[in-house]
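Each remark here refers to the structure printed beneath this line.
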Amino acid sequence: MNTPLSSLTTATSIAQAVRSGDVCAADVVDRYLAQIVIRESDVHAFNLVLTEEARQTAAAIDAEVAAGRDVGPLAGVPIALKDNMCTRGIPTTCSSKILNNWKPPYDATVVDRLSAAGAILIGKTNLDEFAMGSSTENSAFGVTHNPHALDRVAGGSSGGSAAAVAAGFAPIALGSDTGGSIRQPAALCGVVGVKPTYGYVSRYGLIAFASSLDQIGPFATTIEDAALVLDVIGGHDPQDSTSIPQAHPSLRQVLRTQDVTGMRVGRITDLPEGADPDVTERLEVAFDTLRAAGAVLVDVQVPAFAYALTAYYLIAPAEASSNLARFDGVRYGLRVPAADTNAMYSATRAAGFGPEVKRRIMLGTYALSAGYYDAYYGRALKVRRLIADDFDRAYRDADVLLTPTSPTVAFPIGSKGDNPLAMYLCDLYTIPTNLAGHPGMSVPFGTGADGLPVGVQVLAGTLGEAAMFRAAAALERSMQ
Amino acid sequence: MKVAKLARLDLDPDEIDRTTSQLAGMLEHFADMDALDLTDVVPMTQPYPLRNVFREDVVVEGLLRDEVLAEAPAAEDHRFRVPPILGLDL
């Protein structure tokens, strides 16, 4: 054993050390489990910690290494998985009473790929119920606390995954991002969070919220680790007909070229206002940093940006109202007995769904109902086109765009009260990317008010991950 | 009330009142898009221009019946069991 275990804090370094036999996967897992024992009762990142399963997987990996076999690029790396991704025989709840203790009969594609790469599933993380929220306060199983300040939210909806990485419960985690649910909690928890291009990662086994917007992506402490995870989970999957039918270039290879000289970095001059001064101050530093590294700053306009919130909060609930129709008490999860099927459906859904999920189902049902379809859902789809077209025009002049990830640093738990619109505004800067299907990532970039983390968002056009990762890496380097 | 029925949600009167007023607030906000001229804009239903995705017509292993039914709220004779669906005055 040449490498002290405590020096291995990234997935990249752990995998390398485990593959070379320098450290045991069992010791790696035990170290992370020990951290969970110390802080999880304060943070509540997990719905389920898989202590014994993780130890067994680690022992199996160590046996493979001892036998001289290749154990994969994530050998011995603990990973936390958002609890809306299916794990065969392991409860998958979406933080909803309607799926309490449901054990899926199959694994999500990302779970298969992580397992084949030697990763070790250490737990299922908390989320806003069915990924609907921006604070992980809408969970049926309790609130996740921000590891940087326990009275603050971790963001959402993938708050548990972001908090798990920030608290040192796992070096990497997966989340899902429908309107900002990876990037916003990453910003609030001070970690890296990536939403790839729509179709980059298979959604097979991700419990659907809004199918035309959902995308899986990683949380990590470094840009390189995020690239490593995406190289493992990305790529075409015949089980997801919306996955892009082509191979993606390795993002780890992309990062070997660190030069951003001549890269065109765009500032959106008509970006909607609403970010706090401490956040915009960090954004300005980010622009200066990239310019100093050789990038060229350009001004672009995305006029339809301002209408993204409206389009999103009609389209996403419309899709959700349809997707969540499957939770009817027939095939899985909760059932409230009643005399006939219709009464059983309505009683089951009323008892199983929480207030935010009900609100969005109602909103979506309304937007799709006869007489209102054209005025709401139909018009929202047209606004979506305008947003995508505006971005495409902007990306003729710019390789990447920078914006704030979240308008504010982590806010106090309970502070948004019962005002859904105030909560929805948290995703002001992240939502347009999902509507366009583009990639976006949040890079931790210093601190703002009360010493809390601030994230800068790097955006790119369809399959523009390479430029996005290079720009993000330049920001990361400047912080070291 | 009508929307709750369409959505198969058995909401109590308090929930209906609260949701109605919250939805009204949101719809008011959403009126911002009335400012846009959308006459000739083609609706965008999904981001990636894929169509007619086919696969080879070959038999593949499906989910295991017993594993699936073990998670059902009620099952009988290898099938999902539900309350009566016929002969009811709905």
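In the structure displayed, which of A:Lys195/B:Lys5; A:Lys82/A:Lys382; A:Lys97/A:Lys382; A:Lys124/A:Lys382; A:Lys97/A:Lys416 lie more than 30 Å apart, Cα to Cα?
The pairs that break the limit, which is 30 Å between Cα atoms, are A:Lys195/B:Lys5; A:Lys82/A:Lys382; A:Lys97/A:Lys382; A:Lys124/A:Lys382.
Buried by at least 40 Å² relative to the chain on its own: which residues of region A:66-111 qualify, computing accessible area with a 1.4 Å probe on protein heavy atoms?
A:Arg88, A:Pro105
Average partner chain C-beta neighbours within 10 Å, per residue of A:305-313?
3
Return the carbon/sulfur percentage of the accessible area of region A:307-428, one whole number, probe 1.4 Å, all protein chains in place.
53
Would you mind working out the magnitude of the charge dipole of the protein assembly as shown relative to its Cα centre, with +1 at each Lys and Arg C-beta and -1 at each Asp and Glu C-beta, to the nearest 20 Debye?
Rounded to the nearest 20 debye, it is 500 debye.
Apply 1/(1 + (r/R0)^6) to the Cβ-Cβ distance of A:Val298 and A:Ser415, taking R0 = 60 Å, and write down the FRET efficiency to the nearest 0.05.
Efficiency, rounded to the nearest 0.05: 0.95.
Quote the charge dipole size of region A:226-276 about the Cα centre in Debye, to the nearest 20; the model charges only the Cβ of Lys and Arg (+1) and of Asp and Glu (-1).
Roughly 320 debye, rounded to the nearest 20.
On the accessible surface of region A:1-126, probed at 1.4 Å, how many percent belong to carbon and sulfur atoms?
51
Let's test the formula: R0 of 25 Å, r as the Cβ-Cβ distance of A:Ala66 and B:Val60. What FRET efficiency results, to the nearest 0.05?
The formula returns an efficiency of 0.10 here.
Note every residue of region B:47-62 with a reduction of at least 40 square angstrom in accessible area, all protein chains present versus the isolated chain, computed with a 1.4 Å probe, or write none.
With the partner chains in place, region B:47-62 has these residues losing at least 40 Å²: B:Pro47, B:Tyr48, B:Leu50.
So for region A:383-480, averaging the separation of alpha carbon pairs under 8 Å that are six or more residues apart and normalising by length, what relative contact order in percent results?
Reported relative contact order: 33 percent.
For the pair A:Gln253/A:Ala422, report the inter-label distance in nm, with labels modelled 7 Å from Cα in the Cβ direction.
5.0
What total accessible surface area, summed over both chains, is buried at the interface between chains B and A, computed with a 1.4 Å probe and given in Å² to the nearest 100?
Approximately 5300 Å², summed over both chains.
Rounded if a/c is under 1.5, else prolate if a/b is larger than b/c, else oblate: which is region A:433-480, with a ≥ b ≥ c the root eigenvalues of its Cα gyration tensor?
oblate
Which shape class, rounded, prolate or oblate, goes with the protein assembly as shown when its Cα gyration tensor gives a ≥ b ≥ c as root eigenvalues, a/c under 1.5 marks rounded, and past that a/b bigger than b/c marks prolate?
Judged from the Cα gyration tensor, the protein assembly as shown comes out oblate (a/c at least 1.5, b/c at or above a/b).
Under a point spin-label approximation (7 Å from Cα along Cα-to-Cβ), what is the A:Ser20-B:Asp37 distance to one decimal in nm?
My value for the distance between the label points is 6.5 nm.
Karplus couplings for region A:172-184 from phi (6.51 cos²θ - 1.76 cosθ + 1.60, θ = phi - 60°), rounded to Hz, Gly and Pro as x?
Result, rounded to whole Hz: 9, 8, 10, x, 10, 10, 9, x, x, 5, 9, 5, 5.
Given the Cα-Cα distance of A:Glu284 and A:Ala338 and 0.36 nm per residue of separation, how much length would full extension add, in nm?
Result: 13.5 nm gained on full extension.
Going by a ≥ b ≥ c, the root eigenvalues of the Cα gyration tensor, does region A:350-458 fall in the rounded group (a/c under 1.5), the prolate group (a/b larger than b/c) or the oblate group?
Judged from the Cα gyration tensor, region A:350-458 comes out oblate (a/c at least 1.5, b/c at or above a/b).
Helix check for chain A. Which DSSP H runs span at least 18 Å along their own axis by Cα, with a mean Kyte-Doolittle hydropathy no less than -1.0?
Going by DSSP H runs, the hits are A:25-43, A:51-66, A:277-292, A:308-323, A:355-368, A:379-397, A:465-478.
Tell me the angle of helix B:13-30 to the major Cα principal axis of chain B, expressed in degrees between 0 and 90 and rounded to the nearest ten.
Its long axis makes an angle of about 50 degrees.
Tell me, what is the per residue accessible area of the protein assembly as shown in Å², probe radius 1.4 Å?
39
The values are calculated or read from the model by the stated rules, or taken from the named source; none is laboratory data. These figures come from a predicted structure and were not determined experimentally. Heads up, the Cβs are rebuilt from the backbone with ideal geometry, glycines too, and the neighbour counts pull from every protein chain shown. What goes into the accessible areas is simple: the full protein's heavy atoms, side chains included, and nothing from ligands, DNA or RNA. Shrake-Rupley method; radii C 1.70, N 1.55, O 1.52, S 1.80 Å.
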